[in-house]
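Chemist: Before I ask anything, here is the structure I am working with.
The values are calculated or read from the model by the stated rules, or taken from the named source; none is laboratory data. As the structure is a computational prediction, the values presented were derived from the model and not from experiment. Glycine gets a Cβ as well: all are built from the backbone with ideal geometry, and neighbour counts include every protein chain shown.
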Amino acid sequence: MPPGSLQENAPVPQLYGKSMTRGEVAAHAGSLSQFAGVRLMTLGDGLERGLRMLEFRTGSGLRFSVLVDRAMDIAEVEHQGRAIGWHSAAGFRHPALHDVEGEGGFGWARSFSGFMVTCGLDHILGPEVVSTDSYNYPGRKTASHGLHGRVSTIPARLTGYGEAWEGDRCILWAEGVISQATVFGENLVLYRRIEADVGGDEIRLIDRVVNEGFLKTPHMMFYHINIGHPVLEEGARYLAPIKDVIWAAHEGRYRVQGVGYKTAPAPSNGFAEQVWQHEMAANAAGEVPVALVNDRIGLGIEVSTLKEQFPCAYQWQYYQSGAYVMGIEPSTHHVLGNQAARDRGEMIWLGPQEARQYQTRFKVLDGPEQIAKSEAAIRAIAAQPDDDFPTPSCQFPRLSGR
């Protein structure tokens, strides 16, 4: 296991209501692939043609797919046939069809779809033009960044995948390398590992971003974790250990749409995007768990990150008919943006061979008991505001340890 993994000690697989040793699993099927495993395939039609994808099946009803040619981001997540991840009308566009510089920096939206989209590696949030003085090339004084950066449409070099037995425990895994590099600029490499246990309902993501160049390089990162129907529907609840609501993009029209931060409405036509930044508390282990739960169908998803790695947290609401989605978004930086991070002394500057590591856990909450357990654990860390329309403090805590 990679150092610092969020994985807890796991028992033997729980499959179809009973514990099974490796020998018992083997005795019941000619191949593990009968009900669990990792499979590589290539999509063959439309905008997705030529896109490599890994399909994970854990045997518990958890199935998810990883887009190898789109930064190894997670496309689909479902549990026992119930969708958790979100698909947009844009689809899973092959990166060869993507124009990262297009539409004034908003071309990124034409490839925006899936459960998890990585934003970075040297820029996040809205389009900006910033200095490139650190690269020491007189011919290039500035860099023009589009929405959420470049990394999400870079194909990975797939370095391995499969099933690994450790005694009676079986880990499904995949690893890849995503290189975001240019001459006269950044040379940042994302080493990504994705894991799940046979019989488990959890996805583990371990990322390491390294400056493989020899010049001081800015680094920013966040995950756009997008949850759709049926987990998201009218009445779905957002659970988080919120100490303070820092900011709301829609503060000037705060109550106009009648949608606060806690409870989702039904889809509506003409809905304007809402974005919040919350200051989260962490538990004794430094973890920040955030969840979206649907009590009606007894299904939810919990996202756990480490506060020291992702000190900031956004909540994205886009309840527009036909694009109905809510986002959980852990971030390395405040929502203020790239230039503000530089001005405040909060930019992460990676020297040669310096790195940052990120560990994230996605846990399916299956049934009322698991939802209640997650909610109790989150409330024990911090009680989120009762008011669905809390007044933002506009107090952005200083980020240290950069």
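Chemist: Could you grab me the full set of residues in the range 316-337 that are outside any loop (DSSP other than H, G, I, E, B) and under 20 Å from Arg398 (Cα atoms)?
Modeler: Passing the criteria: Glu329, Pro330, Ser331.
Chemist: Next up: Tell me the residue from Ser65, Ser60, Ser113 that is within 30 Å of Ile348 (Cα to Cα), crowded, with 19+ Cβ neighbours inside 10 Å and at pLDDT 95 or above, please.
Modeler: Within the list Ser65, Ser60, Ser113, the selection yields Ser113.
Chemist: Return the only residue of Ser33, Ser134 being assigned to a helix (DSSP H, G or I), within 23 Å of Leu172 (Cβ to Cβ), of a type in the set (Gly, Ala, Ser) and out of contact with any Asp or Glu (no Cβ under 8 Å at 6 or more places or on another chain).
Modeler: Ser33
Chemist: When only residues in the range 278-307 that are under 21 Å from Cys394 (Cα atoms) and assigned to a loop (DSSP other than H, G, I, E, B) count, which is nearest to the chain's Cα centre (by Cα)?
Modeler: For the range 278-307, the residue satisfying everything is Lys307.
Chemist: Now, a different point. What is the residue count in the range 29-57 for residues that are among the hydroxyl-bearing types (Ser, Thr, Tyr) and buried (at least 17 other Cβ atoms within 10 Å of the Cβ)?
Modeler: Looking only at that region, the number is 0.
Chemist: What number goes with the only condition from (1) of a type outside the set (Asp, Glu); (2) touching a residue at least 60 places away in the same chain (Cβ under 8 Å); (3) closer than 21 Å to Phe389 by Cα that Gly298 does not pass?
Modeler: Condition (3) is where Gly298 drops out.
Chemist: Of all residues in the range 312-350 being aromatic (Phe, Trp, Tyr) and farther than 17 Å from Val231 by Cα, which is nearest to the chain's Cα centre (by Cα)?
Modeler: Tyr314
So that you can scan it fast, the table gives a plain yes or no per residue for (1) hydrophobic (A, V, I, L, M, F, W, C); (2) at pLDDT 95 or above; (3) under 30 Å from Gly199 (Cα atoms):
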| position | (1), (2), (3) |
| --- | --- |
| Ala284 | yes, yes, yes |
| Val290 | yes, yes, yes |
| Ile297 | yes, yes, yes |
| Ala323 | yes, yes, no |
| Gly337 | no, yes, no |
| Val364 | yes, yes, yes |
| Lys373 | no, yes, yes |
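Chemist: Tally time: how many residues in the range 230-256 are outside any strand (DSSP E or B) and either in contact with a strand residue (DSSP E or B) (Cβ under 7 Å, 6 or more places away or on another chain) or among the aromatic types (Phe, Trp, Tyr) (or both)?
Modeler: Adding up the residues that qualify gives 11.
Chemist: Give the residues of the range 265-302 that are surrounded by 23 or more Cβ atoms within 10 Å (Cβ to Cβ), under 14 Å from Ile227 (Cα atoms), of a type outside the set (Asp, Glu) and out of contact with any Gly (no Cβ under 7 Å at 6 or more places or on another chain), sorted by residue number.
Modeler: If the condition is that a residue be surrounded by 23 or more Cβ atoms within 10 Å (Cβ to Cβ), under 14 Å from Ile227 (Cα atoms), of a type outside the set (Asp, Glu) and out of contact with any Gly (no Cβ under 7 Å at 6 or more places or on another chain), then Val290, Leu299, Gly300, Ile301 are the ones that fit.
Chemist: The conditions are (1) within 15 Å of Cys170 (Cα to Cα); (2) part of a strand (DSSP E or B); (3) not polar (S, T, N, Q), and Gly23 fails exactly one of them. Which is it?
Modeler: (2)
Chemist: What's the total number of residues in the range 61-80 that are closer than 19 Å to Gly44 by Cα and either without any contact (Cβ under 8 Å) to a residue 40 or more places away in the chain or among the aromatic types (Phe, Trp, Tyr) (or both)?
Modeler: Looking only at that region, the number is 3.
Chemist: Going residue by residue through the range 85-105, is there one that turns out to be crowded, with 18+ Cβ neighbours inside 10 Å, in contact with a Phe, Trp or Tyr (Cβ under 8 Å, 6 or more places away or on another chain) and among the basic types (Lys, Arg)?
Modeler: no
Chemist: Taking the range 145-197 as the region of interest, how many residues are assigned to a loop (DSSP other than H, G, I, E, B), at positive phi and buried (at least 18 other Cβ atoms within 10 Å of the Cβ)?
Modeler: Final tally of qualifying residues: 1.
Chemist: Okay, next question. Which residue out of His224, His229, His250, His219 is modelled with pLDDT of 95 or more and surrounded by fewer than 18 Cβ atoms within 10 Å (Cβ to Cβ)?
Modeler: Step by step, each of His224, His229, His250, His219 is checked, and only His229 is modelled with pLDDT of 95 or more and surrounded by fewer than 18 Cβ atoms within 10 Å (Cβ to Cβ).
Chemist: Can you tell me which residue within the range 126-185, out of those that are charged (D, E, K, R) and free of Cβ contacts under 8 Å to residues at least 60 places away in the same chain, is farthest from His224 (Cα to Cα)?
Modeler: Glu166
Chemist: Given (1) outside any loop (DSSP other than H, G, I, E, B); (2) over 22 Å from Leu299 (Cα atoms); (3) among the basic types (Lys, Arg), where does Arg398 come up short, assuming only one miss?
Modeler: Among (1) outside any loop (DSSP other than H, G, I, E, B); (2) over 22 Å from Leu299 (Cα atoms); (3) among the basic types (Lys, Arg), Arg398 violates only (1).
Chemist: Does any residue of the range 165-186 turn out to be touching a strand residue (DSSP E or B) at 6+ places or on another chain (Cβ under 8 Å), among the polar types (S, T, N, Q) and under 19 Å from Ile348 (Cβ atoms)?
Modeler: Yes, the range 165-186 has at least one match.
Chemist: Scanning the range 338-390 for residues that are assigned to a strand (DSSP E or B) and charged (D, E, K, R), which turns out surrounded by the fewest Cβ atoms within 10 Å (Cβ to Cβ)?
Modeler: Arg356
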